[in-house]
Amino acid sequence: MEATTNSLTFRPLTDYRRCSRCVLDTTVADIWFDAQGVCKYCHIHDEMDRLHPQETMQADLERIVAKIKKDGRHKPYDCIVGVSGGRDSTYTLYMARKLGLRPLAVHFDNGWNSDIAVSNIRKATDLLRVDLHTVVADWEEFKGLQRAFLKASVPDADIPTDYAIYSVLYETAAKEGVGYILNGHSFRTEGTSPISWTYMDGRYFKDVHKKFGTGVVRSFKVMMMPYLLYCSFVKRIREVRLLEYVDYNKKKVDEVLARDLGWVYYGGHHHENLYTKFFQSFLLPNKFNIDKRKTELSALIRSGQITREDAIAELEASAYEYDRSVVTYAISKLGWTLEEWETIYHRAPRSHKDFKTYLPLIKLLRLPIWVACKLRMLPHILYLKYAS
Ligand SMILES: [Zn+2]
């Protein structure tokens with residue numbers, strides 16, 4: 001354990017060129033800067049801001065909500081909301097009810113939930129009178145998937161969970177005949193995760209599993225491109241990023257959720273799940289030199305919720321802190337001895353580029369993707385992030 005936690009440490013932040021507007025820097029492999037030193041992800045933010053102008057946010061929200069209600073008439077639910085017990089998904093569910101929508105909450109239990117997350121989900125769905133559909137992964141199978149991504153030595157080792165949730169939401173929407181999936185992402189508060197930090201698609205998922213995993217995935221239907229196209233163009237399922245249409249201030253949201261739903265903060269972005277905690281606070285910063293706080297802080301700078309100076313001070317005040325007991329717990333739960341883990345941990349980092357992905361196909365289809373985004377059949381961020 002000592003070797004694991006002490007042998008790789010942060011390089012000082014000053015070693016990297018940093019964006020002149022946010023705090024993303026050259027630890028992001030795919031970053032570029034314009035002549036003013038403003039980064040790719042600030043440009044993506046501005047483009048998203050242009051497409052979702054604050055001035056028409058209220059009117060846009062009313063239009064979207066009216067459409068969801070109209071399309072969902074005579075159905076038991078008019079939208080699906082994925083819930084993790086974390087701030088963003090809980091607030092999405094809360095807002096959906098405030099706006100008079102009739103959501104079905106869907107939770108994917110990957111076997112790593114913290115007690116706080118479970119209790120947050122239960123309280124929120126009870127108090128908001130929302131039905132909850134939970135998909136519980138087969139533990140041995142899911143553990144195998146997580147081990148496969150860790151053995152593959154890629155920074156996308158949270159993909160088994162993220163992609164399972166994505167797949168389960170679409171599958172549930174298709175099965176229930178629901179046309180809208182509301183998700184808690186917002187470019188204004190969460191930012192856009194750099195593609196070299198987080199990449200996911202069905203082909204990548206399957207290739208890593210084939211090379212480093214075992215057996216067949218049965219807990220959920222892994223979404224491949226044909227099924228996504230079927231859901232988008234035949235079943236006409238749309239993703240709506242609800243939080244991009246509301247005034248979202250993290251501190252105020254925490255107060256509202258605590259007051260109205262008894263929601264409890266779990267400490268750290270996306271730390272509602274113990275694997276994510278292990279992954280984001282230990283593995284990413286120490287093995288891959290990735291500090292995910294930079295994405296969120298950069299988003300908050302761009303949306304005027306904190307200053308760049310305060311964000312830099314926060315990053316420099318402490319390297320990502322991690323709880324040693326969470327690391328040892330995670331390794332043991334994944335079924336590895338410390339010696340086995342050491343070997344995997346010290347493998348050279350790789351990326352999605354070393355595996356089969358849909359990326360070449362996405363680049364080839366960039367024009368139809370752009371049209372589908374313009375027609376709001378696909379989220380515009382897909383084009384900006386993957387195809388542009
Ligand atoms: Zn920037």
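The values are calculated or read from the model by the stated rules, or taken from the named source; none is laboratory data. Here the structure is a predicted model, which is why all the values come from computation and not from measurement. Heads up, the Cβs are rebuilt from the backbone with ideal geometry, glycines too, and the neighbour counts pull from every protein chain shown.
Here are the numbers:
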read-out	value
Test: residue in the range 310-330 that is of a type outside the set (Gly, Ala, Ser) and within 30 Å of ARG376 (Cα to Cα)	no
Contacts under 8 angstrom Cβ, first residue in the range 212-225 being more than 14 Å from GLY202 (Cβ to Cβ), partner part of a loop (DSSP other than H, G, I, E, B) and modelled with pLDDT of 90 or more, 6 or more apart	PHE212/ALA152; ARG218/ASP138; SER219/ALA137; SER219/ASP138
Those helices (runs of 4 or more DSSP H) lying entirely in the range 85-186 with at least 3 residues more than 25 Å from PHE282 (Cα to Cα)	87-98, 115-127, 159-176
Subset of the range 352-388 that is in contact with a helix residue (DSSP H, G or I) (Cβ under 6 Å, 6 or more places away or on another chain) and within 18 Å of LYS210 (Cβ to Cβ) - its residue that is surrounded by the most Cβ atoms within 10 Å (Cβ to Cβ)	HIS352
Breaking point among (1) of a type in the set (S, T, N, Q); (2) crowded, with 17+ Cβ neighbours inside 10 Å; (3) over 19 Å from the mean Cα position of the chain (by Cα), for ASN110	(3)
Residue among SER298, SER351, SER325, SER303 that is closer than 30 Å to GLU141 by Cβ and under 21 Å from the mean Cα position of the chain (by Cα)	SER351
Unique residue being within 16 Å of the ligand (Cβ to nearest atom) and out of contact with any Asp or Glu (no Cβ under 9 Å at 6 or more places or on another chain) when the list is ALA317, ALA311, ALA330	ALA311
1 or more residues closer than 22 Å to ARG18 by Cβ: qualifying helices (runs of 4 or more DSSP H) within the range 273-388	284-288, 293-302, 308-317
Residue check, GLU340 of a type outside the set (Lys, Arg), in contact (Cβ under 8 Å) with a residue 60 or more places away in the chain, surrounded by fewer than 18 Cβ atoms within 10 Å (Cβ to Cβ) and touching a helix residue (DSSP H, G or I) at 6+ places or on another chain (Cβ under 9 Å)	no
Counted residues, the range 212-237 - those being loosely packed, with under 12 Cβ neighbours inside 10 Å and among the small types (Gly, Ala, Ser)	1
